[in-house]
Amino acid sequence: MESCGIGYDLHRLVEGRKLMIGGVEVPFDKGSQGHSDGDVLAHALCDALLGAACLGDIGTHFPDTDPKWKDASSLIFLEHIAKMLHDRRLRIVHIDAIVICERPKLGPHFPAMRAALAKALGLTTDKINLKAKTNEGVDAVGRGEAIAANVIATVRQH
Ligand code: MG
């Protein structure tokens, strides 16, 4: 049996924070606000995987009220979810994602992000596709005030 899950996330971009995306620090003059490292792509991916496995959402498993997750690397969440899927005999078939921001350019960082995400999930990089979009100057993302991500994940029971 195969199933899909979707994930969405958005973080404000603020000064004085690192910009972590897909487990990689992207050099930029702003970073993601958040309780953990604010990794918008990792968070949307967590929700997509949890959705595909019918296991709820990231906030349930890793509450942002828990001091344990303060400034935590979001790759830890992915490692934890990979184990949850493995325990349920669910294998990740494919991941497709869109990261949306006006700046910086993300394409050059995609190989490192795919490698980091694949390592956290125990996958090969050919199972992870990343795409970058801008919001054409429209709304908070378009004004550079926020970064967003959409992810779809497919899992198969074996
Ligand atoms: Mg988030």
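Of Gly56, Gly16, Gly38, which residue is closer than 20 Å to Leu121 by Cβ, part of a loop (DSSP other than H, G, I, E, B) and over 15 Å from the mean Cα position of the chain (by Cα)? Write out each step before concluding.
Details: Gly16 fails: closer than 20 Å to Leu121 by Cβ; Gly38 fails: over 15 Å from the mean Cα position of the chain (by Cα).
Among Gly56, Gly16, Gly38, only Gly56 is closer than 20 Å to Leu121 by Cβ, part of a loop (DSSP other than H, G, I, E, B) and over 15 Å from the mean Cα position of the chain (by Cα).
For segment 80-130, how many residues meet the condition of being surrounded by 14 or more Cβ atoms within 10 Å (Cβ to Cβ) and of a type in the set (D, E, K, R)?
Selection size over segment 80-130: 6.
Specify the residue that is surrounded by the fewest Cβ atoms within 10 Å (Cβ to Cβ); the eligible residues are those in segment 54-79 that are more than 12 Å from the ligand (Cβ to nearest atom), closer than 19 Å to Val40 by Cβ and acidic (Asp, Glu).
Top of the filtered list is Asp71.
What number of residues in segment 34-48 are in contact with a helix residue (DSSP H, G or I) (Cβ under 7 Å, 6 or more places away or on another chain), of a type in the set (Gly, Ala, Ser) and touching a residue at least 60 places away in the same chain (Cβ under 8 Å)?
Final tally of qualifying residues: 1.
What do you reckon, is Ala148 assigned to a strand (DSSP E or B) and either acidic (Asp, Glu) or crowded, with 16+ Cβ neighbours inside 10 Å (or both)?
Yes: the conditions hold for Ala148.
I'm checking my understanding of the structure. Among residues of segment 8-28 that are under 25 Å from His86 (Cβ atoms) and near the ligand (Cβ under 10 Å from one of its atoms), which one is surrounded by the fewest Cβ atoms within 10 Å (Cβ to Cβ)?
Per the criteria, the residue is Tyr8.
Take Ile98 and decide whether it is under 14 Å from Ala120 (Cα atoms), away from the ligand (no atom under 13 Å from the Cβ), at pLDDT 95 or above and in a strand (DSSP E or B). Don't jump to the end; show me each part of the working.
Details: under 14 Å from Ala120 (Cα atoms): no; away from the ligand (no atom under 13 Å from the Cβ): yes; at pLDDT 95 or above: yes; in a strand (DSSP E or B): yes.
No, not satisfied.
Listed residues Lys127, Lys105, Lys131; which is under 14 Å from the mean Cα position of the chain (by Cα) and not hydrophobic (A, V, I, L, M, F, W, C)? Don't jump to the end; show me each part of the working.
Working: Lys127 fails: under 14 Å from the mean Cα position of the chain (by Cα); Lys105 fails: under 14 Å from the mean Cα position of the chain (by Cα).
When all the criteria are applied, what remains is Lys131.
Failed condition for Gly31, given (1) touching a Lys or Arg at 6+ places or on another chain (Cβ under 7 Å); (2) within 11 Å of the ligand (Cβ to nearest atom); (3) free of Cβ contacts under 8 Å to residues at least 40 places away in the same chain, with all others met?
Every condition holds for Gly31 apart from (2).
Only one of Asp39, Asp47 is within 19 Å of Gly5 (Cβ to Cβ), within 16 Å of the ligand (Cβ to nearest atom) and in contact with an Asp or Glu (Cβ under 6 Å, 6 or more places away or on another chain); which?
Values: Asp39 fails: in contact with an Asp or Glu (Cβ under 6 Å, 6 or more places away or on another chain).
Just one listed residue meets the conditions, Asp47.
The values are calculated or read from the model by the stated rules, or taken from the named source; none is laboratory data. Note that the coordinates shown come from a computational prediction; the quantities given were computed from them, not determined experimentally. Note that we place each Cβ from the backbone using ideal geometry, even for glycine, and neighbour counts take in every protein chain shown.
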